[in-house]
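Participant: Dumping the structure here so I can ask a few things about it.
The values are calculated or read from the model by the stated rules, or taken from the named source; none is laboratory data. Fair warning: this is a prediction, and the values are worked out from it, not measured in the lab. Glycine also receives a Cβ, built like all others from the backbone with ideal geometry; neighbour counts cover every protein chain displayed. For the accessible areas, the whole protein counts, side chains as well, though only heavy atoms, and no ligand, DNA or RNA atoms are used. Shrake-Rupley method; radii C 1.70, N 1.55, O 1.52, S 1.80 Å.
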Amino acid sequence: MNHFKPDITQMISPFLLLFIIHATQIGEGILSFERQISSIAGYDSWISVILTGVLTTLIVVIIWKIVGEEQTDFMAIHQYIFGIILGRLLTFLFSLYLFAVSMIVLVSYIEIIQIWFFPDMSIHFFMFILLMLVLYICLGGFRIVAGFAFFSVFVTGFLAIFKYKAFTDGHFNNLLPVFNTPAKDIILAMEPMSFSLLGIELILIYAPFIHRFQSGLKWAISSNMFTTFVYFFSAIAIFMYYNEQHIQFISWPTLQLWKVINFPIIERFEYVGISLHLIAIIATSCLYFWASMQCFHRLTRFSFRKISIFCALIGISSVHFIHNFLIIEKITLTLSRIGMILLFVYIPLLYVCHKIAAGVKKKHANK
Amino acid sequence: MRTNRLWPILLCCLILSGCVKTKILDDVELIMTFGFDWDPTSENYKGTAVAPVYGKNEQSELGENIRYTGEAKTFQDINSFIQTEAPFQVEVGNIIDILFGEDLAKKGVAEIIYGINEIPDLGRDINVAIVQGDAETLLKTDYKMELTLSRFIEKLILNNSKSNIPKMNLHQFNYRLIGDGMDPFLPILRQSETSIDIVTLGMMKDDKLVHQIPYEQFFTFKLLYEDCEDHTYEFEWEEKNKTVAISSIRSTKSLHWKSKNEVVIKADIIGTLTESKKGEIKSFAAKKELEQAVTKKLEEEANQLIQTFQDLEIDPLMVGASAKSKFRDWNRKEWESQYSEITITPDISFELDLSNIVQ
Amino acid sequence: MIRKKISHKRNQHKHPKKDVNNFDDLFHLMKASDDFKHFTLGNVNNIELFYFQSLVNLDKLEVSLFGKLKDAKIDNLDVLENMLPFSETELTSDLTIIEEKLLTGYMALKLTNNSQNILLIPAKFEVDRDVSQPEIEFSVIGPKLAFIEDINTNINLIRKRVKLPQLHVKNVEVGKITKTNVAITYIDGIANQDNVDTIIQRISEIEYDQIMDSSFISQMISDNSQSPFPQLMDTERPDRVSSALVEGKVAIVVDGSPHVLIAPTTLVEFFASYEDYFLTWPIASAFRIIRICAVIFSVLITPMYVAVLTYHYHIVPGDLLGTLVSSRKDIPFPPILEVLILELTIELLREAGARLPTKIGQTIGIVGGIVIGTAAVEAGLTSNVLLILIALAALASFTTPIYRIGNTIRLLRFPFIIFAQMWGLIGITIAAMFLITHLLRLTSLGRPFLEPLYPPRWRDLKDAVIRFPFNIQGSRPIITTATDKHRLNTNRTRLKRGKRK
């Protein structure tokens, strides 16, 4: 196996996994997932949140098993199992997916900004500035990307406090009776939910960048559980604040909730909230962008800087084609399907393959 | 060197394409109150918008207002109609009150409310109310008041919703309008000679005004509807032929389902006796006597109120929502057909707190 | 640009030096200057004296040198060296040393025989001011001493506080023409040798003709010299430097500069006044938090004003709406212009106040603050709400204990204002993200500048935003990667329990 050893100044402590994984998972989804899951499983869908959390934790453990003591990453594993050509092809497809996610996260947030702030805003220019920012972060290396994610977690944590309004003004009755939805619906609601928890597949890319990777498992699991808790808390808050019929009319329930919050100097919190949430969006996008560039860079042997700038240019021009609400919705849906298959089918499969391949090679070595 | 050449290009970009439409605070017409009426002849909504006029020094002048009216089928269209009258760009983001004329309320407000819900500029902590008569006449009259008209209506509803009527903002109205097993209600404003008062509470069936309850029943309604704090209740003790006031009332309300057709609304009240006018209460027996009398009176009133609601098949007390959370096989159709027949019993217990500064 | 200058100077510099082969050549070169004196002494007039009048203390010489030499018969410089009551005399024939010493206040003695040996006698003319109170880092409590322009006095001030043989001073000379003396000071055994080596290497690699002040060095050796943020702390307080040395940092003392540089440093240190250590920890922490809030306020308040008034009228509460609208009623400019005009006015006032003599400076402050402000509001050029905000923001930017970061903060506001004009609050967020990223990318001597916030280091957080009491700060900060990590044994400082009260 060819080992990829990153520069020591770019490596981070395993404790930071707690923040990075959380930052990858919290994106635009936290603003709208309540509507999606409740349209399938009604107000019992908070159970789906917990179930998805448990399932993703399992995947995290599997990822730790795949990476193993040698701290290999996706590319090395692909080449180890499938050989150089097929391995590279798979890595390429994977990094395309990562790139697509990093862009769609930005584009779908720009949609919110357009609705709430500036309907007449030039998307191209705005995207240009955002991608400059993403490039500025990503070209700094993984340490900077992780640092940005670290700070973004405090912002989302701060914003989560403002769901308090739902507990003071809401109706707990909405959640009762519990388990009144068929189990099948609860399982089905896990699909939109798992898109919100996507992000742990990135561990396979940044594994070599973490000191004492094996000891990071507890942080990764805590992070995943923390995210699950945040989603759970958010779902409970929103379900208390809106009744089951009402929520189906609302695209971003959290943003509507913020409309009611006022302080002596801020009448409408949503404007501050949307602005601050952009930090979380950029963090998510950066992590995906960096991961995808890392793959491209190692596949092609172009310099990281060149390939990043090139891809950012593609990103800007992609706005040209993705501007319609329906297209964004459709792409998001497709990507979430791919992500789900990747997470729950491909990664366990990879683990099994890895085990088999390791066994076979060991046998060969013994002979 | 490369970055040096990049900066001027970037700066040009900033200036050329960075611009979005500005809404400078003093260059927009800030609509703060919107009143809607129904015009049956043209089948249009008639909107009256009120914007405050701020002088150079806010303190020195009385609140002045400027009014615009427009007629159209949708909220957005009313706005663009209003734009034809206003010198500045009309902005609705600061709306704090929405008023409906009585005719419109009787016809149904859902259509216009859904229109309002679709505008991202608007907040959700907006006061909604119905006006006796036309909203337009109420809004177009000049009053002598220190605040601007919009702020006056806002403060009026806000302060009353702390003591007399339950709070009802746009979000809560939507919640009740759309949700199952509940119906909304709105305060009704009336134009008095020099000012504006809250006169009744309008009960709605879905989005239509069907019943009004007067001031005397506000307390009973609030008691059955939610927990209250710091209320005052005037009790006429008929047997002893005197009137006492009970103040600083704190109450807690809860629903208890005996069976699917029987529910008890329990309200525990604690209050202080004031203005007893020599009706001295020196013994436990006297205290108990008064407590029982009040309880009896309140239960009577509550029964009457609940009976009215059941006769009208409206559910502002959200009994249906409670049933939904209690029974797994609840469904809306069945509930609506049964609602008027189920027994709803108010169970009120009153406890007197005798501490006061006068003995 | 700099490179061009260097090469230019180098040519000039080389030209006169190339034909100096013996002392006579040097003599001829220096003779061109009128303050260069040369005469002969002694019985047989066999002692020649050379010196720069402007560099030499003549009083000292007349008493001790001329008196002795008047009647002496000397034909060997060694004898003369032993005879004279000077400590740092040097006998040499090396022309570069002679040239250097002559130019730093030495006197050259030469016998008229043909020997190339020359005796150098120190006779420095000291013109430095006395040690005085700190001017920009003044503290009400605590020592009131500041560095001066003389390197030896400055090192003396440090040594007085750190009485350790392990306090090492390494001298490096920089500047092609100025030949400034730079002393790298550190405590051997505490400071990380890597840091010391990096600093020595970077300083000796400086290619520039003149080093007039420590800030030249600070700009040339910092990791990212394009950044508006200072990456080396500069201070005029000897106590601050000594304390940093004990923490394991390295101090750079530059001759001719009353400011000493400390490296490595972090962002939060710039918001820590040394006075914080003289106060009890709850009070000190409260002040630090106030200072940090003031800085955030100072950077964000005017961009917020622009954003809210230009785009987000929604978030103005009803009670404030009247005040804001009334105050802006007659103002012909959009908020952005209004803000820029006032901000620039404040900057003008500050700049003028700094350049003018103290007494006039005060007058300018009053004229600017009161007259221009009131007149601008009355003339309807700016709103009075904004005037208050700008004045507060300016005041807040002066709360930083280190002057240099205050400049940065005043400058930072302008990109924020531009972004606020472009996209309102979203723009401010984007600007803030650029700023955070920039700070994340900064390093000071290769150590992260945002430490201990990122990477999060709990041990260093004990003296960051909140200054915890001394007895729980048992170890030296991680940032310095000190060789000796332990400051004290925390077991011994722990309060005794179970004492009868």
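Participant: Give a quick list of chymotrypsin sites (Phe, Trp or Tyr not before Pro) in the range A:92-201 that DSSP marks as loop, anything other than H, G, I, E or B, with at most 16 other Cβ atoms within 10 Å.
Facilitator: A:Phe179
Participant: Calculate the mean, over all residues of peptide A:131-137, of how many other protein chain Cβ atoms lie within 10 angstrom of the residue's Cβ.
Facilitator: 3
Participant: Also: When only DSSP loop residues count, what chymotrypsin sites (Phe, Trp or Tyr not before Pro) in the range B:147-233 have their Cβ near at most 11 other Cβ atoms within 10 Å?
Facilitator: none
Participant: Taking a spot 7 Å from the Cα of A:His323 along the direction of its beta carbon, which residues of the range A:87-121 have an amide N less than 19 Å from it?
Facilitator: Inside the label zone: A:103-121.
Participant: Give, in nm to one decimal, the length gained when the segment between B:Glu341 and B:Glu300 is fully stretched (0.36 nm per residue of separation minus the Cα-Cα distance).
Facilitator: 12.9 nm
Participant: Per residue of B:321-331, count partner chain C-beta atoms within 10 Å of its C-beta, then hand back the mean as an integer.
Facilitator: So the per-residue partner count for this stretch is 4.
Participant: Take the residue pairs B:Lys106/B:Lys167; B:Lys106/B:Lys162; A:Lys163/A:Lys330; B:Lys23/B:Lys167; B:Lys107/B:Lys155 and return only those whose Cα atoms are more than 23 Å apart.
Facilitator: Cα-Cα > 23 Å for B:Lys106/B:Lys162; A:Lys163/A:Lys330; B:Lys23/B:Lys167; B:Lys107/B:Lys155; rest within.
Participant: Just the Cα atoms of the range C:386-501: what Rg and Dmax do they give in Å?
Facilitator: 20.3, 67
Participant: When DSSP assigns beta bridges and you keep just the ones with both residues in the range B:24-213, what percent turn out antiparallel, to the nearest 5?
Facilitator: Taking every DSSP beta bridge within the range B:24-213, about 65 percent pair in antiparallel fashion.
Participant: Counting only residues 5 or more places away or on other chains, whose amide H sits under 5 Å from the amide H of B:Gln212 once H atoms are built in the peptide plane?
Facilitator: B:Met203
Participant: Have a look at chain A and give its Rg and Dmax from the Cα atoms, expressed in angstrom.
Facilitator: Every Cα atom of chain A included, Rg and Dmax give 20.8, 78 Å.
Participant: Over chain B, what is the mean sequence separation of C-alpha contacts under 8 Å (at least six apart), divided by residue count, expressed as relative contact order in percent?
Facilitator: The normalised contact order for chain B reaches 13 percent.
Participant: Say a paramagnetic label sat at a point 7 Å from the Cα of B:Lys288, along Cα to Cβ; which residues of the range B:335-354 have their backbone N under 15 Å from it?
Facilitator: Only B:350-352 pass the distance filter.
Participant: Now a separate question. What FRET efficiency comes out for B:Thr243 versus B:Thr84 if R0 is 56 angstrom and r is the Cβ-Cβ distance? Round to the nearest 0.05.
Facilitator: So the FRET efficiency works out to roughly 0.50.
Participant: Which percent of the accessible area of chain C is formed by carbon and sulfur heavy atoms (probe 1.4 angstrom)? Mind dumping the intermediate values first?
Facilitator: Numbers: 13910 of 24150 Å².
It is 58 percent, rounded to a whole number.
Participant: So for the range B:216-359: antiparallel DSSP bridges make up what percent, rounded to the nearest 5? List each step's numbers first, then the result.
Facilitator: Details: 19 of 30 bridges.
Among the beta bridges of the range B:216-359, antiparallel pairing accounts for roughly 65 percent.
Participant: C:Leu445's amide H: which non-local residues (gap 5+, or another chain) put their own amide H closer than 5 Å, with H modeled 1.01 Å from N in plane and none for Pro or chain starts?
Facilitator: Under 5 Å from the amide H of C:Leu445 lie the amide H atoms of C:Asp223, each far enough along the sequence or on another chain.
Participant: What ranking, highest mean first, results for peptides C:150-161, C:176-187, C:30-41, A:29-40 when packing means the other Cβ atoms within 10 Å averaged over each residue?
Facilitator: Listed from highest to lowest mean packing, they are A:29-40, C:176-187, C:150-161, C:30-41.
Participant: Here's a follow-up. Given labels modelled 7 Å from the Cα in the Cβ direction, how far is it in nm from C:Arg159 to C:Leu488?
Facilitator: The two pseudo-label positions are separated by 2.8 nm.
Participant: Still on this model: Once both axes come from the Cα atoms, what is the angle between helix C:318-328 and the longest principal axis of chain C, in degrees from 0 to 90, rounded to 10?
Facilitator: Helix C:318-328 sits roughly 60 degrees off the main axis of chain C.
Participant: While we're here: Once both labels are modelled 7 Å past Cα along the beta-carbon direction, what's the C:Ile478-B:Asn160 spacing in nm?
Facilitator: 6.1
Participant: Right, here's the next one. Under 5 Å between amide H atoms, partner at least 5 residues away or on a different chain: which partners does B:Asp347 have, H built in plane at 1.01 Å?
Facilitator: Counting only residues 5 or more places away or on other chains, the set is B:Ile265, B:Lys266, B:Ala267.
Participant: Report the extension gain between C:Glu81 and C:Thr358 in nm, rounded to one decimal, defined as 0.36 nm multiplied by the number of residues separating them, less their alpha carbon distance.
Facilitator: Answer, rounded to one decimal: 94.7 nm.
Participant: For chain C, which span is the longest to avoid every loop-located (per DSSP) member of GluC sites (Glu not before Pro) having at most 16 other Cβ atoms inside 10 Å?
Facilitator: C:208-501
Participant: Next up: Count charges around A:Ala76 for me, please; just the other residues with Cβ under 10 Å from its Cβ, Lys/Arg as +1, Asp/Glu as -1.
Facilitator: -1
Participant: Could you give the alpha-carbon Rg of chain C over 2.2 N^0.38 Å, rounded to two decimals?
Facilitator: The value comes to 1.25.
Participant: Rounded to the nearest whole Å³, what is the per residue volume of the convex hull around the Cα atoms of the range B:216-359?
Facilitator: That works out to 109 Å³ per residue.
Participant: For the range C:151-265, what's the relative contact order in percent, using C-alpha pairs closer than 8 Å and at least 6 residues apart? Walk me through the numbers before you get to the answer.
Facilitator: On the way: 207 pairs, mean separation 36.3, N = 115.
Here the relative contact order equals 32 percent.
Participant: Reported to two decimal places, what Rg/Rh ratio describes the protein assembly as shown when computed on Cα atoms with Rh from the Kirkwood expression? Kindly include the intermediate steps, with their values, before the conclusion.
Facilitator: Details: Rg = 39.5 Å, Rh = 36.7 Å.
Here Rg/Rh amounts to 1.08.
Participant: Just counting partner chain Cβ atoms within 10 Å, what average do the residues of peptide A:115-126 show around their Cβ?
Facilitator: Mean inter-chain Cβ contacts per residue within 10 Å come to 5.
Participant: Name the helices (complete DSSP H segments) of chain A with a Cα length along the long axis of 15 Å or more and a Kyte-Doolittle mean of at least 1.6, or state none. Show your work: numbers first, answer last.
Facilitator: Working: long enough: A:29-41 (17 Å, 0.58); A:46-67 (32 Å, 2.29); A:74-116 (50 Å, 1.73); A:123-138 (21 Å, 2.69); A:142-161 (29 Å, 2.04); A:217-241 (36 Å, 1.20); A:269-300 (46 Å, 1.02); A:304-318 (21 Å, 1.37); A:325-341 (24 Å, 1.42); A:347-366 (28 Å, 0.20).
Helices meeting the criterion: A:46-67, A:74-116, A:123-138, A:142-161.
Participant: Just order C:437-443, C:329-335 by mean Cβ neighbour count inside 10 Å, highest at the front, would you?
Facilitator: C:437-443, C:329-335
Participant: Now, a different point. Against the longest principal axis of chain C, how steep is helix C:151-161, in degrees 0 to 90 to the nearest 10, with axes from Cα atoms?
Facilitator: Here the helix axis deviates by roughly 70 degrees.
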